[in-house]
């Protein structure tokens, strides 16, 4: 058993402040990721390439597409709206159904936290990583109380490991998984083994590789059959829930929707060595930059941790057993897990980092290795500081932004204010533009089929008049405006065509002039918004 440096009395104020600063920094930065329109429902990284395959229910939720392909969290967040995997279209919505569907736990928790309401469940899924991060911050105090520099390095090095920060800022499964593994280990240490094994069993439902945490089960004290049988019963207790769920998923699909990626595993060290060669080649060709350097440091530090466990066997220590098992897993990870700026490997290896920080002796001789391994946490701090929230959705953009996304910017296009309008004005939450009598807007559709839209606005003028709205030179509707009132909100259905669409307002009544204002004021359009809807048929 690893020694627990737990001295709650007379903790040095300096270390307490550093711990609080580290926690406070994460909380502050995470809160700053709140989007004014979508909340945190952009963190799963939704891609335009997968928008068409989303379920109808999911398309109605308030979320934002941020890139072409997005990232893995976009699939798990969709499962949060279909916790039994029986929602129409859910199989087609996931890139590899069996692979994603068996990682069900944190979709369940999001559904529960969201009380089954789609938008709430989506926000819960996007935020729960931060909650589990904070829970882990509390739990780690058991092993790393704030009473020394060694503990401070281990504590913050674990919390700010790039895998933890990427998990939090991309709404992935690795951070919450690490909390459950650590919780299971803590409960086992406290002789609450059944509860601890339950936590480990739950973690395997979050991510199947978490089943390796069964290495935390104490080894049989004796070689007799009853001790060995008890050991395997504990392992079965952890594995059975995952087995039942995998069987359920297989029954749903008939095993016809693929398996996990073929490139996730490789011969021992083959993909790690290939990644190292590629990284060194890039460094020589392009020179050192932040990402190349971080990637190189990741390769070095992960290998250093793996070698520590493989060359310093301590089979009686549960932390050595878990670290060694995950180190072996790391050695056979395939190209798909290493690729990218940092790659998924840094997340897969999170249990190694925790076990390493707990097990490494607190000696001066071990300090250089401790600093080397945890220096990667500086990349986590930097990533958290530099991540950018998407720009707000304005009244000049579709209020359902994912229906029509510009393939270059991955944002919904803006309504262009064309000729005939005066400058925008606003007061007390209302905004408007005066027209000189003939004014137009234009909007570009990037889809290959017509897109239905609802254009909402209010009208006001300084005299009664008729005002006609046209779309692409075809009259849509004429409004009889009665002076002096501002109209109630008007909603007009439009069918916008692929390419540029011209929305035009005209009136035959001459404009009005007011004292001290040289502008021609025919009518004003107030509080106008455009909302696109999904086409009835997909391209």
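Okay, residues lined up against (1) within 29 Å of residue 168 (Cα to Cα); (2) out of contact with any helix residue (DSSP H, G or I) (no Cβ under 9 Å at 6 or more places or on another chain):
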{"site": "184", "(1), (2)": "yes, no"}
{"site": "188", "(1), (2)": "yes, no"}
{"site": "208", "(1), (2)": "yes, no"}
{"site": "213", "(1), (2)": "yes, no"}
{"site": "219", "(1), (2)": "no, no"}
{"site": "227", "(1), (2)": "no, yes"}
{"site": "241", "(1), (2)": "yes, no"}
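Among the residues in region 500-511, are any part of a strand (DSSP E or B), in contact with a strand residue (DSSP E or B) (Cβ under 9 Å, 6 or more places away or on another chain), without any contact (Cβ under 8 Å) to a residue 40 or more places away in the chain and farther than 25 Å from residue 404 by Cα?
Restricting attention to region 500-511, the residues satisfying the condition of being part of a strand (DSSP E or B) are 500-506.
If we keep only those that are in contact with a strand residue (DSSP E or B) (Cβ under 9 Å, 6 or more places away or on another chain) too, we end up with 500-506.
Restricting the remaining residues to those that are without any contact (Cβ under 8 Å) to a residue 40 or more places away in the chain gives none.
No, there is no match, as no residue in region 500-511 is part of a strand (DSSP E or B), in contact with a strand residue (DSSP E or B) (Cβ under 9 Å, 6 or more places away or on another chain), without any contact (Cβ under 8 Å) to a residue 40 or more places away in the chain and farther than 25 Å from residue 404 by Cα.
What is the number of the single condition among (1) more than 30 Å from residue 382 (Cβ to Cβ); (2) without any contact (Cβ under 8 Å) to a residue 60 or more places away in the chain that residue 283 does not meet?
(1)
Looking at residue 269 and the list (1) touching a residue at least 24 places away in the same chain (Cβ under 8 Å); (2) closer than 20 Å to residue 210 by Cβ, which single condition is not satisfied?
Condition not satisfied by residue 269: (2).
Would you pick out the residues in region 142-170 that are part of a loop (DSSP other than H, G, I, E, B) and under 24 Å from residue 72 (Cβ atoms)? Walk me through how you get there before you give the answer.
Of region 142-170, the ones part of a loop (DSSP other than H, G, I, E, B) are 143-148, 160-161, 170.
160, 161, 170 - these are the residues of region 142-170 that are part of a loop (DSSP other than H, G, I, E, B) and under 24 Å from residue 72 (Cβ atoms).
For residue 20, which of the numbered conditions (1) assigned to a loop (DSSP other than H, G, I, E, B); (2) over 22 Å from residue 177 (Cα atoms) fails to hold?
(1)
Answer yes or no: is there a residue in region 326-345 that is assigned to a helix (DSSP H, G or I), modelled with pLDDT under 95 and in contact with a strand residue (DSSP E or B) (Cβ under 7 Å, 6 or more places away or on another chain).
The answer is yes; a qualifying residue exists.
Pairs only if they're at least six apart or on different chains, beta carbon under 8 angstrom, first in region 219-247 and at negative phi, second loosely packed, with under 11 Cβ neighbours inside 10 Å; list them, first residue then second.
Hits for this filter: 219/315; 219/316; 227/221.
Quick one: what pairs do we get from region 173-191, first residue outside the structural domain of residue 104 (by TED's automatic domain parsing), second assigned to a loop (DSSP other than H, G, I, E, B), C-beta under 9 Å, 6+ apart or different chains?
none
Looking at (1) modelled with pLDDT under 95; (2) under 27 Å from residue 369 (Cβ atoms), can you tell me which one residue 264 breaks?
In the conditions (1) modelled with pLDDT under 95; (2) under 27 Å from residue 369 (Cβ atoms), residue 264 misses (2) alone.
Only one of these conditions is not met by residue 508: (1) surrounded by 15 or more Cβ atoms within 10 Å (Cβ to Cβ); (2) under 20 Å from residue 419 (Cα atoms). Which number is it?
All conditions are met except number (1).
If we keep just the residues of region 16-73 that are without any contact (Cβ under 8 Å) to a residue 24 or more places away in the chain and touching a helix residue (DSSP H, G or I) at 6+ places or on another chain (Cβ under 9 Å), which is surrounded by the fewest Cβ atoms within 10 Å (Cβ to Cβ)?
If we take residues in region 16-73 being without any contact (Cβ under 8 Å) to a residue 24 or more places away in the chain and touching a helix residue (DSSP H, G or I) at 6+ places or on another chain (Cβ under 9 Å), then 31 is surrounded by the fewest Cβ atoms within 10 Å (Cβ to Cβ).
Answer with yes or no whether residue 90 is within 16 Å of residue 124 (Cα to Cα), touching a residue at least 24 places away in the same chain (Cβ under 8 Å) and crowded, with 16+ Cβ neighbours inside 10 Å. Walk me through how you get there before you give the answer.
Details: within 16 Å of residue 124 (Cα to Cα): no; touching a residue at least 24 places away in the same chain (Cβ under 8 Å): yes; crowded, with 16+ Cβ neighbours inside 10 Å: yes.
The answer is no for residue 90.
All but one of (1) out of contact with any strand residue (DSSP E or B) (no Cβ under 9 Å at 6 or more places or on another chain); (2) surrounded by 13 or more Cβ atoms within 10 Å (Cβ to Cβ); (3) assigned to a helix (DSSP H, G or I) hold for residue 314; state the number of the condition that does not hold.
Status for residue 314: all satisfied but (3).
Sort out for me the helices (runs of 4 or more DSSP H) sitting completely within region 40-141 that have 3 or more residues that are within 15 Å of the chain's Cα centre (by Cα) and within 28 Å of residue 410 (Cα to Cα). Before you say what the answer is, go through the steps one by one.
Working: elements: 56-59, 73-79, 90-93, 97-101, 105-113, 118-139.
The qualifying helices (runs of 4 or more DSSP H) are 73-79, 105-113, 118-139.
Of all residues in region 171-206, which are part of a loop (DSSP other than H, G, I, E, B) and either surrounded by fewer than 24 Cβ atoms within 10 Å (Cβ to Cβ) or at pLDDT below 95 (or both)? Outline the logic, then answer.
First pass over region 171-206, keeping only residues part of a loop (DSSP other than H, G, I, E, B): 171-173, 190-192.
Passing the criteria: 173, 190, 191, 192.
The values are calculated or read from the model by the stated rules, or taken from the named source; none is laboratory data. Just so it is clear, the structure is predicted and the values come from calculations on it, not from any experiment. So basically every Cβ, Gly included, is an ideal-geometry build from the backbone, and we count neighbours across all protein chains shown.
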